[in-house]
1. So if I check each of B:Met226, B:Met244, which one is within 19 Å of B:Leu560 (Cβ to Cβ) and either within 22 Å of the chain's Cα centre (by Cα) or touching a residue at least 12 places away in the same chain (Cβ under 8 Å) (or both)?
2. I'd like to verify a number: residues in segment B:15-50 that are closer than 12 Å to B:Val252 by Cβ and either small (Gly, Ala, Ser) or assigned to a loop (DSSP other than H, G, I, E, B) (or both), how many?
3. Please work out which one of (1) free of Cβ contacts under 8 Å to residues at least 24 places away in the same chain; (2) farther than 29 Å from B:Ser182 by Cβ is the condition B:His87 fails and give its number.
4. Of all residues in segment B:428-454, count the ones that are among the β-branched types (Val, Ile, Thr) and over 27 Å from the mean Cα position of the chain (by Cα).
5. Report yes if some residue within segment B:562-584 is surrounded by fewer than 18 Cβ atoms within 10 Å (Cβ to Cβ), part of a loop (DSSP other than H, G, I, E, B), not hydroxyl-bearing (Ser, Thr, Tyr) and not assigned by TED's automatic domain parsing to the domain that holds B:Leu36; otherwise report no.
6. Determine, yes or no, whether A:Ile343 is of a type in the set (Val, Ile, Thr), within 30 Å of B:Gln56 (Cα to Cα) and at pLDDT 80 or above.
7. Looking at (1) surrounded by 15 or more Cβ atoms within 10 Å (Cβ to Cβ); (2) not in a helix (DSSP H, G or I), which is the one condition that is false for B:Ser395?
8. If you take the residues of segment A:234-253 that are closer than 16 Å to A:Ala94 by Cβ and β-branched (Val, Ile, Thr), which of them is nearest to the other protein chains (Cβ to nearest Cβ)?
Amino acid sequence: MTRTETRKHFKMPIHVVKKLDLSKKSYWTIKVVGILIAFLLSGLLCTIFAPGTFVTYYEKMAYGIINPKNYETFMLFLETAGLLLLIAFALAPAFKMKFWNIGAEGQISIGCLVTAGIMFHMTKTGDNSNQLLVVSLCLLFSVLAGIIWALIPALFKAFFNTNETLFTLMMNYVAITLISIFISIWIKSGSQAFPSIHEGQLEDLFGMKIKYLWNLIFVVVIVALMIVYLKKTKHGYELSVVGASLNTARYVGINTKKVIIRTMILSGAICGLVGFLLVSGHEHSLNPGIANGRGFTGVLVAWLGQFEPASMVLYAVLVAMFQCGSGKAASYVGISRAEFSAIVTGMFFLIIIATEFFINYKVLVKEDSKLKPVVDKINNFFSKVGGAISRFFDKINFFKKLKKKKPKDVQQTSKESEEDK
Amino acid sequence: MDAIRFENITKTFGKKVVASNNVSFSIEKGKIYSLLGENGSGKTSLMNVLVGIYKQDSGKIYVNGEEVEINSPKDAYKYRIGMIHQHFKLVNVFTATENVLLGLTRSDYKQFAKDQEDINGPLIQNLLDQGASKNDKEVKRLRKEIKDAGRFNIKSAARRITAICDKYGFQIDPYQKVYDMSVSQKQTLEIVKSLYRGTDILILDEPTAVLTPQETKQLFNVLRNMRANGKTVIIITHKLNEVMEISDKVVVLRKGEYAGEVETKNTNEKELTNLMVGRKVDLQIKRSTPKNVENRLFINNISVTNIDGTVALDNASFVLRSGEILGVAGISGSGQKELLEAIAGLRRYHGGDIIFHNPKKEKPVTLFHHSIAKIKRMSKEGFFHDKNGNKLDVSNTPNKIVEEMVKNEEIIFYDDEIIDLKDKKPIEIRNLGIKLSFVPEDRLGMGLVGSMDIVDNMMLRSYRKGKGLFFSREKPQQLAEEIVDELEVVTPNIHTKVGKLSGGNIQKILVGREISSSPKVFMAAYPVRGLDINSSYLIYDLLNQQKERGTAVLFVGEDLDVLMALSDRILVLSQGKVAGIVDPRQVSKEDVGLLMTKGGHNND
């Protein structure tokens, strides 16, 4: 009576099942395995281009991050990580609110443009005025510019419900084109090269001559403030409610329009600040590609870190390691520098995102399938690697420490709020 | 022979959630089965395994004695198994016939032709044997039927659908668009769709949840017709009276495990409940006589229009009284959601207004309204009270002290408060000091945030309290602990994400939070949907408690039996209109059912 006689039946050898309740330990174990694979593959990639350089690659990579002879290498690495982290923290509140702001690139660029403009004109007039005044002006106006760039799509989203992803993306190209236009206005000679500007350099401030130090100070202060903002304030709470469910937000009487606009102002302000840091504290010059994809990399850092401060720090550092380290290593073995580091960074992202599959799903093989022994072997290998890593976690008591912290945090907040009253 | 046999079926989600644990039983052919169990007992999961939506972790399924592997609902049709889900899978802009034909492939049509030949072939042979010529009209017609069955043709498909309807007693217009259909018609269409594909075993997931008592009777008649035609029917349900009415046999599941199987005629509701819950349960819902009934909320002629222009609520008027439970009955989607959201200030309405009436609200006296001399004079006449509610006479107190007392809000006077809530947003209603609590239908989508822990969810209502930029987790934490304690919420700790808890525990947290503000008006939409018997009765108790402390309770329910037993008055909604307000002590369930379907026609 059944229809089996009339049809052939294809048997699937595997099926994919959703995982629920994955523990923090196994989550990080999978992630660490992914990171290790990314490291391994980047070395292999290097040997493909320049045979026999597998070990040298890692050696030079380390030199690209920490060079005992030159402290600036390490400062540059820290600064790369820091700026990425700052962008990620600028985006995190917007993303938490489910406002898909991918306009960081443009908000940074416009901050760069404003800063460079002020510095350029101060240099041109030759007015050897107060450095502090110039820097403060740059800071103020770059933040304002970033706010405006973020506010336009936010207003449209709040009042006309436009698609913020497309809108913020398009704003990027407007900002980058504006830089080109202004360079051709300011540099009359026709060449697009922007001269190095002396006035308003951040490291000259208060006579501190250490490169990137000021940038790092800004990063640490703003990141600390943002962590407090996201975790402890009413604003931070409101925006996570808005992100979790618009209906719930309406139900408890949160003004969602206000929250969207307020959060985007904050997001834009920090991105504008990054623009200021890039020009005043790093490049001292201007070109249309000055943001160099940082705005987009920041999106990835924020996403991979799931908007959790500690994870975002981890990913920012890892990305900076690949960007600085592999670039240096590649140039040493004779591969064009920028492209190789871009490939390696891309590969890193790809693998980390691919681990999400193993975090969310598990693959089951049927008992009678021929694939079974093969998959079992792969499983065994990775469970050994995973076991070693999770033993390591146990050894350093990583998660126990995390757990113990929690109740303390709560007490501290309550004490703080009592003081507030 | 057994139509279906389950052998040691186990299905888990993740490591902790066991939907089915080693379940084995058989379904006999040609009978109506009830699959009974509380919510979360794994009824639907088991059936989803059968039709290939889920894949069992271990265990075997036999159909007609043959071991089978079903990987998708399409596979299930191969074995002539069809399932009607709670949420219909129909395309609104298509006609009934188009919906039936949707998704059929060439091999399906081949099968249809073969099936039709199995039926018509002997008939033709019979006619030929009786000496009919090959060109006989009847022979031609039967031949054409076989040919039509194997072809994509709307007209012949519509004919086949009509034939199926006639056979089982359905009423469906094959050319009617789905958006014109009532819920019960849509369900019928789903059944027809399944039968069209040659289903012998039909599974219905909670089919009566969306139906009125009359429609339920109709459905049951159809199911009996199907049984008479040799089909096997499995009904997933948790309603005992329906089990008793329709089924031949009952299979009971408890917490994912097989709890037993009984012949319906040899059992009763009490025994089934005990089997279902695993111990004895008192099924009585208590209803106390309302005390101190006062008019609290006047809803006057309000109408709500949806974005697409359809009228969701049409000129509704009624009074909500304190110390009383007003039940709201109606087929789902009759405007219940819109009504509650309008009252809560979440939805704009037009036409009339909503007036909140709070007798004797305490108000501190202000110098803005009264001069010191007037305050002194009025206090002599006994208008004022102190903070403890005792009479206060300040006529002989020096002016300075009186002024000080006014400043400290120590002179209180009681006043009837009448507030127009029209066009007030939720936050404005709150700021007016009206304690209005609302347990929405969509718990995790509206009332709570699933990705936050219990403490943070408690904070939703109270985080604004206190000045400054920072919030305090101290009081929400206390409240969370109290609620977990008092309502016996099963949770690892108060820092567990609410989304990870079971439906009953989620609802306890939501109701607990809403009650904690000691509301004047308490509204609950389907508060026991998806809850097990114990949690349901706890919620009924909480509603009764609220009523007894003088809250005006508005309770939207779907189970008429519960509404009849719990409410003091029942408001019946039908197509967005108030079809009537009845006393459940005096009318029957059928009367309420009739009002539910009456619709707007009664106003003509």
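1. The match here is B:Met244.
2. 5
3. Among (1) free of Cβ contacts under 8 Å to residues at least 24 places away in the same chain; (2) farther than 29 Å from B:Ser182 by Cβ, B:His87 violates only (2).
4. Total meeting the criteria: 2.
5. Scanning segment B:562-584 turns up at least one residue that is surrounded by fewer than 18 Cβ atoms within 10 Å (Cβ to Cβ), part of a loop (DSSP other than H, G, I, E, B), not hydroxyl-bearing (Ser, Thr, Tyr) and not assigned by TED's automatic domain parsing to the domain that holds B:Leu36.
6. The answer is no for A:Ile343.
7. All conditions pass for B:Ser395, except number (1).
8. Filtering segment A:234-253 for residues that are closer than 16 Å to A:Ala94 by Cβ and β-branched (Val, Ile, Thr), the one nearest to the other protein chains (Cβ to nearest Cβ) comes out as A:Val241.
The values are calculated or read from the model by the stated rules, or taken from the named source; none is laboratory data. Everything numeric here is computed off the predicted structure, so don't read it as measured data. FYI the Cβ positions are ideal-geometry reconstructions off the backbone, even for glycines, and counts take in every protein chain you see.
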